[in-house]
Structures are given as structure tokens and as C-alpha cells.
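S.K.: Pasting a structure below so you can have a look.
The values are calculated or read from the model by the stated rules, or taken from the named source; none is laboratory data. As the structure is a prediction and not an experimental result, all values here were calculated from the model. All Cβ positions, glycine included, derive from the backbone under ideal geometry; neighbour counts span all protein chains shown.
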Amino acid sequence: MTLTVGVTHSGTVGRYGASFYRFTTAVEGRYTIALTAMQSDLNWDLYGPSPDYDWIMECDEHWHAADDIAATPVLLASTTYHLKVLEWDRVVGRFKLLITAP
């Protein structure tokens, strides 16, 4: 699913599952990637553009907790990144996902 930077997405992820997203940056700088209103233990992994999809970082504030999480990676301009949201405590995970530009 393609996300728009600056627009909140309401998502779900299955028990021990993963949901996949992509977004394209407009400018270089420190972006905020935030998961909020979570109903299970979720984290996210950020990957770079194809064809290599190199892993960039993970965000999980507290293991085994349904708490809001956010990180602020520096991203390149005009680049498509990939985000994987993972569920860890056997409960269907509902959440809000927002990526904001610098």
C-alpha cells in the first residue's frame, strides 16, 4: 500500500503478521515515522529503495507493550522507502501510522 507523507493511515496487522507500506519523500531531512493508538505489541522496520531494499532501522520502544512508538530517520529526497509493521503478541493489531516531513 502506498502512503502519503503527512496523511494519517488507519491500519491493521494480523496475529504475528506483517503489513507492508511504501512512501516517497519530497525533500531530504529528518522525517518522523509514528505508530499510535496501537491495540497490540507492534514495531516497524524501515527499508531503502529497490532493488536492494536495504534495512535501515527498527523502531520498538518497549518489548511486549502496546505503546506509541516513533523515530526520526534522516531520509533522502525523491526516494521511495518501504515500511513493514509487525505484530508480536498474538492479537490483531490496529494502529494509526503517520509519516511527517521535516
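S.K.: Can you pull out the residues in the stretch 6-25 that are among the charged types (D, E, K, R) and either under 12 Å from Asp41 (Cα atoms) or free of Cβ contacts under 8 Å to residues at least 12 places away in the same chain (or both)? Walk me through how you get there before you give the answer.
M.R.: Step one: filter the stretch 6-25 for residues among the charged types (D, E, K, R), giving 15, 22.
Within the stretch 6-25, just Arg15 meets the criteria.
S.K.: Now for a different question. Only one of Leu46, Leu35 is assigned to a strand (DSSP E or B) and either on the phi > 0 side of the Ramachandran plot or modelled with pLDDT of 95 or more (or both); which?
M.R.: Values: Leu35 fails: either on the phi > 0 side of the Ramachandran plot or modelled with pLDDT of 95 or more (or both).
The match here is Leu46.
S.K.: Of the residues in the stretch 90-102, how many are in a loop (DSSP other than H, G, I, E, B) and either touching a strand residue (DSSP E or B) at 6+ places or on another chain (Cβ under 9 Å) or modelled with pLDDT of 95 or more (or both)?
M.R.: Applying the first criterion (in a loop (DSSP other than H, G, I, E, B)) to the stretch 90-102 yields 90-92, 101-102.
Filter once more, so that each one left must be either touching a strand residue (DSSP E or B) at 6+ places or on another chain (Cβ under 9 Å) or modelled with pLDDT of 95 or more (or both): 92, 101-102.
Summing the residues that are in a loop (DSSP other than H, G, I, E, B) and either touching a strand residue (DSSP E or B) at 6+ places or on another chain (Cβ under 9 Å) or modelled with pLDDT of 95 or more (or both) in the stretch 90-102 gives 3.
S.K.: Of the residues Gly11, Gly6, which single one is in a strand (DSSP E or B), within 14 Å of Lys96 (Cβ to Cβ) and not acidic (Asp, Glu)?
M.R.: Numbers: Gly6 fails: in a strand (DSSP E or B).
Just a single option satisfies the conditions, and that option is Gly11.
S.K.: I'm trying to understand the selection: among the residues of the stretch 50-67, which are at pLDDT below 85 and either surrounded by 14 or more Cβ atoms within 10 Å (Cβ to Cβ) or among the aromatic types (Phe, Trp, Tyr) (or both)?
M.R.: Of the stretch 50-67, the ones at pLDDT below 85 are 50-52, 60-67.
Correct list: Asp60, Trp63, Ala65, Ala66.
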